[in-house]
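Working notes, beginning with the structure itself.
The values are calculated or read from the model by the stated rules, or taken from the named source; none is laboratory data. Small disclaimer: the values here were computed from a predicted structure and weren't measured. Cβ atoms come from the backbone with ideal geometry, glycine included; neighbour counts cover every protein chain shown. Ligands, DNA and RNA are excluded from the accessible area calculation, which covers all protein heavy atoms including side chains. Shrake-Rupley method; radii C 1.70, N 1.55, O 1.52, S 1.80 Å.
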Amino acid sequence: MYQWIYKQGVKHRNPLLPAAESFLQESDTWSRAELEAYQLEKLQALVSWAYKYSPHYRTKLDESNVHPRQIQTLADLQRIPPITKQTLLEENEAIHATADFKQLLFSETSGSTGSPLTFQRNLEWDARHRAAIHRGYSWYDIQPWDRNGYFWGYNLDVKKHWKLKIMDKLVNRFRIFSYEKDEIQTFIKRLERADYLEGYSSMIYHVARKIEQENISINTKLKMIKGTSEKIFDAYQPTVEKVFGRKMISEYGAAETGIIAFECPEGNMHTTMENVIVEVIDGEILVTNLFSHSFPIIRYALGDYVELDTETACACGREHTIVTSVMGRIGKEIIGEKESYPSLTLYYIFKNIVMDSGDAIRYQVLQHRKGHLEFRVEQKLKPAVQKRLEAEIRKYFAQDMVYDIREGLAFHRDGGKLKDFVSFI
Ligand SMILES: [Zn+2]
């Protein structure tokens with residue numbers, strides 16, 4: 001029945017989805033050369049389109065002396081200047097293509113700061129995005145209509161609950177609205193018949209911990225646990241695996257770009273090369289969304305630090321480029337007495353500790369004033385680990401920073417999302 005409801009929904013919402021799904025199933029086994037040839041073809045089409053229909057890109061390409069005909073290789077993409085979220089906001093109307101589309105889907109991203117970004121997506125853009133998620137599911141033998149538990153927006157307005165509940169019923173989903181023990185019990189009962197679990201990684205972890213601490217018995221046969229929207233800390237995995245029977249996998253993407261990468265069963269995040277071109281310049285990711293015709297996204301600085309691996313052959317056989325890590329948001333800098341530091345420094349501090357001792361620490365760092373950092377760590381640190389952490393802090397900040405290490409404190413949440421670094425300066 002859920003399959004039928006699902007298929008009716010697709011027909012109504014986006015009839016291009018089934019074709020996009022079949023295409024991505026076929027290209028899943030393509031060689032790297034095939035994937036790159038396909039990317040070039042789609043890139044040329046996108047740049048020509050943007051030049052023709054997007055007033056913003058027309059001006060920008062003319063100003064940078066780039067004509068669509070000059071895009072002869074994937075490397076030629078670098079001739080086009082990157083675009084930032086600020087430009088997407090300021091030039092919003094001029095970026096939108098003037099061409100006629102039969103149907104467009106309105107999108108709004110919920111920025112935690114500033115005004116939300118709104119834009120129109122053409123159907124193919126939406127179809128490719130959804131198909132990329134569904135292909136990822138298929139790697140775990142999951143169909144889009146399979147039963148799933150959902151960790152999302154637990155602090156929602158109570159009045160909206162009934163609407164959500166109807167919607168959830170239709171898509172064979174149930175969710176958790178609070179961390180109360182009763183609610184967790186009900187959720188776990190339902191999980192027994194679920195195929196997968198998804199949501200904010202910090203919430204999945206939080207509930208797993210609660211189940212572990214309170215010794216609640218649980219019996220699930222989950223095929224996939226997908227963490228989204230937030231960094232998945234290494235420290236989450238042992239508890240999640242112990243409680244739910246699998247480790248959490250990650251999906252990486254944004255509304256503007258669609259799905260950028262999806263983790264395969266071998267533990268590697270493969271980029272969706274058929275939909276996006278991913279570049280890394282000075283550690284920062286730039287994404288070109290090859291199907292963004294209504295609102296062209298070309299070399300978009302998404303604001304994350306990432307690392308790519310184009311060499312390693314994954315045991316799963318896919319030749320799609322691997323994102324080895326999403327190291328964090330490019331956000332506020334850490335301010336010392338004399339100098340400032342990228343927030344990425346924290347990633348290295350904790351990475352070094354894991355690499356060295358195997359101790360994965362769940363942390364959050366807050367900066368309330370210049371030259372001072374507050375390290376919040378969830379667990380009680382062993383003396384050796386505490387020492388190691390202090391040594392790492394000194395290694396990166398030397399005498400420029402004083403710090404407190406505080407154990408067992410709640411983490412600060414910004415608009416529901418958990419960040420590893422929060423600056424109040
Ligand atoms: Zn793989």
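One table, with the values for the structure above:
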read-out	value
Per residue solvent-accessible surface (Å²) - the chain, probe of 1.4 Å	49 Å²
Under 18 Å from Lys11, Cα to Cα: lysines that are on another chain or at least 8 residues apart	Lys102
Cα-centre dipole for region 5-134 with unit charges at Cβ (Lys and Arg positive, Asp and Glu negative), debye to 20	260 debye
Mean separation of Cα contacts under 8 Å (6+ apart) over length of the chain, as relative contact order %	14 percent
FRET efficiency, Ala384 to Lys210 (Cβ-Cβ, R0 45 Å, nearest 0.05)	0.95
Of Ile281, Ile71, Ile361, the one that fluctuates the most in a GNM where the chain has Cα springs shorter than 10 Å	Ile281
Cα-based reach from Lys223 at 17 Å (exclusive), listing aspartates and glutamates while leaving out same-chain residues under 8 positions away	Asp141, Asp146, Glu192, Asp195, Glu198, Glu241, Glu251, Glu263, Glu266
Most fluctuating residue given options Arg413, Arg190, Arg147, as computed from a GNM of the chain linking Cα atoms under 10 Å	Arg413
Computed [θ] at 222 nm, helices only, for the chain once each DSSP H run of length n ≥ 4 contributes -39500 (n - 2.57)	-11000 deg cm²/dmol
Loop-located GluC sites (Glu not before Pro) in region 310-363, at most 11 other Cβ atoms within 10 Å (DSSP)	Glu311
Highest-MSF residue in the chain out of Pro296, Pro144, Pro383 [GNM, Cα springs under 10 Å]	Pro383
Assigned charges on the beta-carbon of Lys, Arg, Asp, Glu; the chain dipole about Cα centre (debye)	1460 debye
Share of carbon and sulfur in the accessible heavy-atom surface of the chain [1.4 Å probe, %]	49 percent
Cleavage-rule hits (chymotrypsin sites (Phe, Trp or Tyr not before Pro)) in region 164-247: DSSP loop, at most 14 neighbouring Cβ within 10 angstrom	Tyr179
Accessible-area order (highest first, 1.4 angstrom probe) of the listed residues Lys165, Lys380, Lys210	Lys380, Lys165, Lys210
For region 75-152 versus region 1-30, the gap between their alpha-carbon centres in whole angstrom	17 Å
Dimensionless Rg ratio for region 1-327, taking C-alpha atoms and the 2.2 N^0.38 Å reference	1.04
Table column - 3J(HN,Hα) (Hz), region 116-127, Karplus curve with 6.51, -1.76, 1.60, x for Gly and Pro	x, 8, 10, 6, 9, 10, 6, 4, 5, 4, 4, 5
